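The values are calculated or read from the model by the stated rules, or taken from the named source; none is laboratory data. The model shown is predicted, which means the values in this text are computed figures rather than measured ones. Note: ideal-geometry Cβ built from the backbone for every residue, glycine included; neighbour counts use all protein chains shown.
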Amino acid sequence: MAEEQEWAIAEDNQPRPENLDYDLNAALSSLFTLRSEIPEDGFTAHALGTERAGTAVLINAKGLLLTIGYLVAEAQTLWIIGQDGAAVEGHAIAYDFTTGFGLVQALGPLPYLPLPVGSSSSVHVGDRVVLASAGGIEHALAAQVVSKREFAGYWEYVLDEAMFTTPAHPFWGGAALLNDKGELVGIGSLYVGDARGHGMPSEGNMIVPIDLAKPLLEDVANQGRISIQSRPWLGFYTAEAENHLIVAGVAPNGPAEKAGVETGDVVLEVAGSPVGDLADMFRTIWSLGDAGVTVPLTLVRDGQRVQIKVPSADRNDFLKTPRMH
């Protein structure tokens, strides 16, 4: 089941265990390779593939693991693989679209200690950290937090304050960000070319702060599941270009496509309010109500203003539900 990863962080870029105030090898043993299989007719299969791999972090003694959500979206089969190559099947509990986190429950014993959860709010720009994927010290990167700022993703996603690290980790999906105490303070989400912000080219990674996961973990502890927020979802992919918001694509059979939104449309207004950047547009849409609310858009198409009303949807309704065990 486990395949040897054929890459390694350059030795000069690996953390030095002797310079850390915690047992790095013990911390890294809490990181597992996560492999998922998604049906070919899954809603996310075209964009994200039917076979995905990344890292999941053991966070409690009951076999609960935290990862990045796109690894487990619509997963029908999940395998959790330790450093010894032993594989345990898992079940996807949730993909939380608001935060981007995914939660996985191991269906067999994981004979490792969970990684302690720290506080991302106590992490500051300039802090030295370790960003590690599963596979031991050869897959661990000595990194630095270079900015904390708002992040908006074209897939209708906004974080008020994401963390950004450099240098870039080559296997970032689900990677664990460790502070100087060896605590989990974030989960790797993306490669970015502007980690430092301010338009400066700098390769690095966007990290989802761990503090956003704590309400989800409380839900799981108290209810065995998370409380899903049903934000209105339009199913359009929008990019910022030359101070305009341009529709770069639409989800097949999604609300925007059905309502007549087209690739190349420029978004001017939402519900009569002019929109600035991506984050502003998404927040304006979400402020109109829950999933199902109609979202009026003012677009420019071929030089003409076009008014379109999009009946929004709940994105979860488009995804295949993981098979129960």
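I need every pair where a residue in region 85-104 that is farther than 26 Å from Tyr154 by Cβ and assigned by TED's automatic domain parsing to the domain that holds Val72 has its Cβ under 8 Å from the Cβ of a residue that is surrounded by fewer than 21 Cβ atoms within 10 Å (Cβ to Cβ) and aromatic (Phe, Trp, Tyr), sequence separation at least 6 or different chains.
Ala87/Trp79; Val88/Trp79; Glu89/Trp79; Gly90/Trp79
Given the criteria surrounded by fewer than 24 Cβ atoms within 10 Å (Cβ to Cβ), out of contact with any strand residue (DSSP E or B) (no Cβ under 7 Å at 6 or more places or on another chain) and closer than 23 Å to Ala53 by Cα, does Gly193 qualify?
yes
Residues are listed down the side, and each one gets a yes or a no for (1) farther than 18 Å from Val158 by Cβ; (2) outside any loop (DSSP other than H, G, I, E, B):
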site: Ser227; (1), (2): yes, no
site: Arg231; (1), (2): no, no
site: Ala256; (1), (2): no, yes
site: Gly264; (1), (2): yes, no
site: Asp280; (1), (2): no, yes
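Run Val123 past the list (1) without any contact (Cβ under 8 Å) to a residue 60 or more places away in the chain; (2) of a type in the set (Val, Ile, Thr); (3) crowded, with 19+ Cβ neighbours inside 10 Å and report the number of the one that doesn't hold.
(1)
Listed here are the residues, each with its yes/no results for (1) of a type in the set (Ser, Thr, Tyr); (2) at pLDDT below 95; (3) in contact with a Lys or Arg (Cβ under 8 Å, 6 or more places away or on another chain).
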residue	(1), (2), (3)
Leu78	no, no, yes
Gln83	no, yes, no
Ala86	no, yes, no
Gly90	no, no, no
Tyr95	yes, yes, no
Val104	no, no, no
Pro109	no, yes, no
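Pairs only if they're at least six apart or on different chains, beta carbon under 7 angstrom, first in region 203-226 and surrounded by fewer than 18 Cβ atoms within 10 Å (Cβ to Cβ), second assigned to a helix (DSSP H, G or I); list them, first residue then second.
Correct list of pairs: Arg225/Asp219.
Would you confirm, using the coordinates I've provided, whether Arg231 is under 25 Å from the mean Cα position of the chain (by Cα) and of a type in the set (D, E, K, R)?
So Arg231 fits the description; yes.
Kindly indicate whether Gln105 is outside any loop (DSSP other than H, G, I, E, B) and closer than 30 Å to Phe318 by Cα.
Judged against the criteria, Gln105 is a match.
Taking only region 60-100 into account, find how many residues are of a type in the set (Phe, Trp, Tyr) and out of contact with any Phe, Trp or Tyr (no Cβ under 8 Å at 6 or more places or on another chain).
Going through region 60-100 one residue at a time, the tally reaches 1.
Residues of region 143-165 being β-branched (Val, Ile, Thr) and over 28 Å from Leu245 (Cα atoms), which ones?
Hit for region 143-165 is Val145, nothing else.
Within region 48-64, is there a residue that is at pLDDT below 95, β-branched (Val, Ile, Thr) and assigned by TED's automatic domain parsing to the domain that holds Gly182?
Within region 48-64 (the criterion being at pLDDT below 95, β-branched (Val, Ile, Thr) and assigned by TED's automatic domain parsing to the domain that holds Gly182), the answer is yes, since at least one residue qualifies.
I want to confirm something. Restricting to region 270-325 and keeping residues that are closer than 30 Å to Ala106 by Cα and acidic (Asp, Glu), which single residue is surrounded by the fewest Cβ atoms within 10 Å (Cβ to Cβ)?
Asp317
Within the group Val130, Val146, which residue is closer than 20 Å to Thr67 by Cα and in a strand (DSSP E or B)?
Sole residue among the options that is closer than 20 Å to Thr67 by Cα and in a strand (DSSP E or B): Val130.
Within the group Gly173, Gly186, which residue is in the same structural domain as Val129 (by TED's automatic domain parsing), touching a helix residue (DSSP H, G or I) at 6+ places or on another chain (Cβ under 7 Å), surrounded by 17 or more Cβ atoms within 10 Å (Cβ to Cβ) and part of a loop (DSSP other than H, G, I, E, B)? Working first, answer last.
On the way: Gly186 fails: part of a loop (DSSP other than H, G, I, E, B).
Checking each option against the conditions leaves just Gly173.
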